[in-house]
């Protein structure tokens, strides 16, 4: 049975890679479980993260080579040491990696090598155990010792995992990844018979690359094994996991190679168009993503079967799905494949609600979905969202003008949210941190925040309170010297000229001010970045849209998530009725 969307609740946005770890990148081991415990102390019941899929260029989880597989670098190595598949000394090289950021170029091959060692030992030990299972309680190969019970249990679970997931996505993913590494180039440049998935070529590749295919399957099994523990702990604590489905997939991916008919490609598999967005808040030339665009007419012929598979797979790992770039289902910005900016694209109609209705029907219930409806949103996009009953997103950072004068009717302000059916963010992974935003905001934007939270300028009085020295009681026989005849006092203590910035004090309180405003709102769900809970600045933001380098690397440090911060968050969360 599909879970329902949460009611009044709140939570934290933090990608798994950003968790503390001694091994260069956050993972789904002990630190993930500790984070869930900290969230519980803080009264938070939603953990939202970015796509769990293998990362693409520069660590981007939105340029993945598979929309269905999990990222092997998220596998925790400690459990492999515990069962004897790795040795502590083999992990020492990872200890030299940065603790405050992910160095993808270094950590990815390091963990890959160690995971390969673990797989090899698993296979070697397993073969030895099977040959003498009656007399041995453990096996030893290359001075590693693995309990026979572990080997037997894992072997059975591995076989079950492959049988369950193989036919739908795992077989294609493992074969694609092995071929991609073997040829060292994009699938469109492979030998034609392999590129076009000719049966004899596929049979030969599965035989020649059997060991490599087994390795990639084993890594997916390890992630599944560890993520099962994370899911179980989250359920124990009443925490729902909010996953992320990017609408598009990477061109050089198992999905495009194995489902070419779904995309606008020529007969040789080359792209005819690429995805992006027109000029917007983040970029004057738009964002050119480069992903292949869908041939929705072709996808509709099998009743959106691949989308059903994708959503089912995501819901097997999470409780709620956030669909990134939801507006692309109504119409997507298609750019000619040869263009280098997104300025010359055009809107091309998508399937609208049809795809979601088909998936709901196949899954036997209504999917719990959050629609990322930011950017260029039309009435038609809102109609699709509302027809499906999905909550949209509002972002507090967008409320203060964005370079324009403060508008009290702005739809991202707490008092203008259209009912409870939405998710309110202090900022998303594409935004600055709250403190970083305040540091870079204009004087007018900072003053707007200060006035909104009812805080007076230093040495001045609140905007709704005239200075006491200038107030006289009527029964004293005096007049209010600051009040014009026949009117009330003109309050200007918090509205100085724009040639100076008297609101820099907002910087030091912005993080908790934003969290408090989001949690106090009527929105059913309120979510803040962990960086905001920790009051971190711009250098800790996760992503700067329209830039290809230097993103996705931020990590929390061990000890930053204190009991004191958790207690403060719980207090606010209880006060605003979200526990």
(Q) Looking at region 66-91 only, could you name the residues that are touching a residue at least 60 places away in the same chain (Cβ under 8 Å), under 27 Å from the mean Cα position of the chain (by Cα), within 25 Å of residue 56 (Cα to Cα) and assigned to a helix (DSSP H, G or I)? (A) 72, 74
Q) Quick one: would you say residue 4 is over 26 Å from residue 568 (Cβ atoms) and modelled with pLDDT under 95? A) yes
Q: Go through the residues of region 294-312 one by one and say whether even a single one is assigned to a strand (DSSP E or B) and either in contact with a strand residue (DSSP E or B) (Cβ under 8 Å, 6 or more places away or on another chain) or modelled with pLDDT under 95 (or both).
A: yes
**Q.** Selected residue (only one of 248, 263 is surrounded by 15 or more Cβ atoms within 10 Å (Cβ to Cβ), in contact with a strand residue (DSSP E or B) (Cβ under 8 Å, 6 or more places away or on another chain) and without any contact (Cβ under 8 Å) to a residue 40 or more places away in the chain)
**A.** 263
Q. What helices (runs of 4 or more DSSP H) completely inside region 181-245 contain at least 1 residues that are in contact with a helix residue (DSSP H, G or I) (Cβ under 8 Å, 6 or more places away or on another chain), in contact (Cβ under 8 Å) with a residue 60 or more places away in the chain and within 20 Å of residue 312 (Cα to Cα)?
A. 210-236
Q: Check 6, 54 and return the single one that is crowded, with 19+ Cβ neighbours inside 10 Å and within 17 Å of the chain's Cα centre (by Cα).
A: 54
Q: Check whether at least one residue in region 559-579 is touching a strand residue (DSSP E or B) at 6+ places or on another chain (Cβ under 7 Å), part of a loop (DSSP other than H, G, I, E, B) and under 23 Å from residue 391 (Cα atoms), and report yes or no.
A: yes
Q) Which residues, taken from region 507-523, are out of contact with any strand residue (DSSP E or B) (no Cβ under 6 Å at 6 or more places or on another chain) and either assigned to a loop (DSSP other than H, G, I, E, B) or modelled with pLDDT under 95 (or both)? A) 509, 522
Q: Residue by residue through region 524-549, note down the ones that are at pLDDT below 95 and either under 19 Å from residue 98 (Cα atoms) or in a helix (DSSP H, G or I) (or both).
A: 549
**Q.** Test result for residue 504, within 28 Å of residue 411 (Cα to Cα), surrounded by fewer than 18 Cβ atoms within 10 Å (Cβ to Cβ) and modelled with pLDDT under 95
**A.** yes
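The values are calculated or read from the model by the stated rules, or taken from the named source; none is laboratory data. The structure presented is a predicted model; accordingly, all values stated were derived computationally and were not measured. With ideal geometry, Cβ positions are generated from the backbone for all residues, glycine too; neighbour counts draw on all protein chains shown.
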